[in-house]
Amino acid sequence: MKITPTNIKGVSIIELDIFEDARGWFIESYNKKNLAKHGINANFVQDNHSFSKLKGTLRGLHFQNLPHPQAKLTTCTRGAVLDVAVDLRKNSSTYKKWVSVELTEKNKKQLFVPRGFAHGFMTLTDNTEFQYKIDNYYDKESDKSIRFDDPEIGIDWGNENPILSEKDKNAPFLKDSNINF
């Protein structure tokens, strides 16, 4: 396992060891002890799995406010996604900065997104499956979102007309949101 910190403190790209032979491959997709050695100490309580039929489907940017923020460990198990984390910690030197990584079924990379971040991903292929662990349960009152195309953040998704849910189409801009990190 190789863990590479990004330019935003707390966000890391994880490259798993892949053991391949004539039968196929094996990976250890999660090891709490190995992650803790690298400062990732989230106590994951739930696994989520999503399927998107079409390339260009964008889900996000989502987060949960205090007192129910969530850290995430993300991976793409079928197809490919552009995975994005946005720093929403108002006292952070990287507030409003974002990082992205391409996660694919072939590269088997993961992204660790700590609490205090918005998260979103866009599918780069049809029939994409995306999975992630979270360290806090869903809380309807804490569930929030911001616009994927917010000019204050300026994410380059590589797609100006993604497929969006009604929730994501109607998400507020950062300046109009009630983030409490």
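None of the figures in this text is laboratory data; all of them are computed from the coordinates on show. Keep in mind the model is a prediction, meaning the values are calculated, not measured. Backbone-built Cβ (ideal geometry, glycine too); neighbour counts: all protein chains shown.
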Counted neighbours (other Cβ, 10 Å), sorted fewest up, put Asp168, Asp21, Asp87 in the order Asp21, Asp168, Asp87
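If you keep only loop residues by DSSP, which GluC sites (Glu not before Pro) in region 16-106 have at most 11 other Cβ atoms within 10 Å of their Cβ? The partial results should precede the final answer.
Working: sites: Glu20, Glu28, Glu102, Glu105; in loops: Glu28, Glu105.
For GluC sites (Glu not before Pro) across region 16-106 that sit outside H, G, I, E and B with at most 11 neighbouring Cβ atoms in 10 Å, the list reads Glu28.
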Looking only at lysines whose Cα falls under 23 Å of Lys109's and that sit 8 or more positions away or on another chain, we get Lys2, Lys9, Lys32, Lys33, Lys37, Lys53, Lys55, Lys72, Lys97, Lys133
Rg (one decimal) and Dmax (whole number) from the Cα set of region 1-108, in Å, equal 15.3, 51
Most exposed first, judged by fewest Cβ atoms within 10 angstrom, Ser142, Ser29 run Ser29, Ser142
Region 7-22 scanned against label point 7 Å out from Asn41 along Cα→C-beta; backbone N under 19 Å for 9-12
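I need Asp83, Asp149 ordered by Cβ neighbour count within 10 Å, fewest first.
Listing Asp83, Asp149 from fewest to most nearby Cβ atoms yields Asp149, Asp83.
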Whole-Å distance linking the alpha carbon centroid of region 128-181 with that of region 28-100 is 12 Å
In terms of the alpha carbon gyration tensor, root eigenvalues a ≥ b ≥ c, rounded if a/c is under 1.5 and otherwise prolate when a/b exceeds b/c or oblate, the chain is oblate
